[in-house]
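K.L.:
A single structure is presented below for examination.
The values are calculated or read from the model by the stated rules, or taken from the named source; none is laboratory data. Every value quoted in this text rests on a predicted model; they were computed, and no experiment measured them. A quick note on method: Cβ atoms are made from the backbone with ideal geometry, for glycine too, and the neighbour counts reach across all protein chains shown. Ligands, DNA and RNA are excluded from the accessible area calculation, which covers all protein heavy atoms including side chains. Shrake-Rupley method; radii C 1.70, N 1.55, O 1.52, S 1.80 Å.
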Amino acid sequence: FESREVNRINEAILAPWPPPGKSRRALTARLRERIRPTYRRWLSTVPIETDVAAERRTPSIERRIGRALARTPWCLKDPRFAYTLDCWRPQLGDPLFVCVFREPERTAASILREVATRDYLRGAAFDMQAARQLWASTYRWILERHAGSGRWLFVHAEQVVEGSAVARLEEATGAPLDADFADASLQSRVDARNARSAIDDGARGLYVELCKRADWDPRWSRT
């Protein structure tokens, strides 16, 4: 459900912050990326104090964003927005921002499965610790840098699966939704005790805050 052009624009914005990779392939990767995007920068982390818009909102990027938004209505989905959103905001008008999240450990496990099975991520030097750091970085940016401005709706993925988020999403978007679309069998499961003990206090605090905004009981796993 993601637009390749939106992904390409966000990849270009995040060019100074490459994702982890094997050093011996770094030069080859840079040369290859001059020919086609690798779409790997959703694995990147950007320091929270970085002013991405000031550094990367160039006339070229602004023109590309304008073309991407030319056809309406639109719905943009890309995890890279956690870092690049301020580059897009001047042309977005007054949209609804929907932040969907899961437990840190479930998300980290899902990232590692993606890295292990997708050809375009081959060679990425990414482990569980890096995946946990990516989760924390992503949601820290959303909560500390973005959520203070605009209309935001926070939704736990389980709320979509069980259906309790559907009415809120319909009301916020003004559009009917298919309540049966989410497939519960595709949801990963992580032992609650292992998940809780593996996450540091900082990530745990972020998760609790996200759950509070979504009006969701912040248990680490539901079976």
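K.L.:
Can you pull out every residue in the stretch 171-218 that is modelled with pLDDT under 70 and in a loop (DSSP other than H, G, I, E, B)?
P.N.:
Of everything in the stretch 171-218, those that are modelled with pLDDT under 70 and in a loop (DSSP other than H, G, I, E, B) turn out to be Gln187, Ser188, Arg189, Val190, Asp191, Ile199.
K.L.:
Still on this model: Does Arg71 satisfy being under 22 Å from Pro19 (Cβ atoms), among the basic types (Lys, Arg) and out of contact with any Phe, Trp or Tyr (no Cβ under 6 Å at 6 or more places or on another chain)?
P.N.:
no
K.L.:
Right, something else. Every residue in the stretch 129-148 that is free of Cβ contacts under 8 Å to residues at least 40 places away in the same chain and either farther than 14 Å from Trp42 by Cβ or basic (Lys, Arg) (or both), please.
P.N.:
Gln129, Gly148
K.L.:
Now a separate question. In the stretch 128-170, how many residues are under 13 Å from Leu206 (Cβ atoms), assigned to a helix (DSSP H, G or I), of a type outside the set (Gly, Ala, Ser) and open to solvent by less than 60 Å² (accessible area, probe 1.4 Å)?
P.N.:
7
K.L.:
Hey, another quick one. Would you please name the residue that is farthest from Asp201 (Cα to Cα), looking only at residues in the stretch 87-110 that are open to solvent by 10 Å² or more (accessible area, probe 1.4 Å) and charged (D, E, K, R)?
P.N.:
Asp94
K.L.:
Right, next: Is it fair to say Pro19 is crowded, with 17+ Cβ neighbours inside 10 Å, at pLDDT below 95 and in a loop (DSSP other than H, G, I, E, B)?
P.N.:
Against the criterion (crowded, with 17+ Cβ neighbours inside 10 Å, at pLDDT below 95 and in a loop (DSSP other than H, G, I, E, B)), Pro19 qualifies.
K.L.:
State all residues of the stretch 111-127 that are within 22 Å of Asp201 (Cα to Cα) and surrounded by fewer than 16 Cβ atoms within 10 Å (Cβ to Cβ); if no residue qualifies, say none.
P.N.:
Leu112, Asp127
K.L.:
Further, regarding this structure: Given Gly123, Gly93, which one is part of a loop (DSSP other than H, G, I, E, B), at positive phi, touching a Gly at 6+ places or on another chain (Cβ under 9 Å) and not charged (D, E, K, R)?
P.N.:
Gly123
K.L.:
Tell me, which residue of the stretch 92-103 that is touching a Phe, Trp or Tyr at 6+ places or on another chain (Cβ under 6 Å) and at pLDDT 95 or above is farthest from Leu43 (Cα to Cα)?
P.N.:
For the stretch 92-103, the residue satisfying everything is Phe97.
K.L.:
Enumerate the pairs (first residue in the stretch 94-118 and more than 14 Å from Leu210 (Cβ to Cβ); second residue anywhere and basic (Lys, Arg) and part of a strand (DSSP E or B)) with beta-carbon separation below 9 Å, excluding pairs fewer than 6 apart on the same chain, so at least 6 apart or on different chains.
P.N.:
Asp94/Arg151; Pro95/Arg151; Leu96/Arg151
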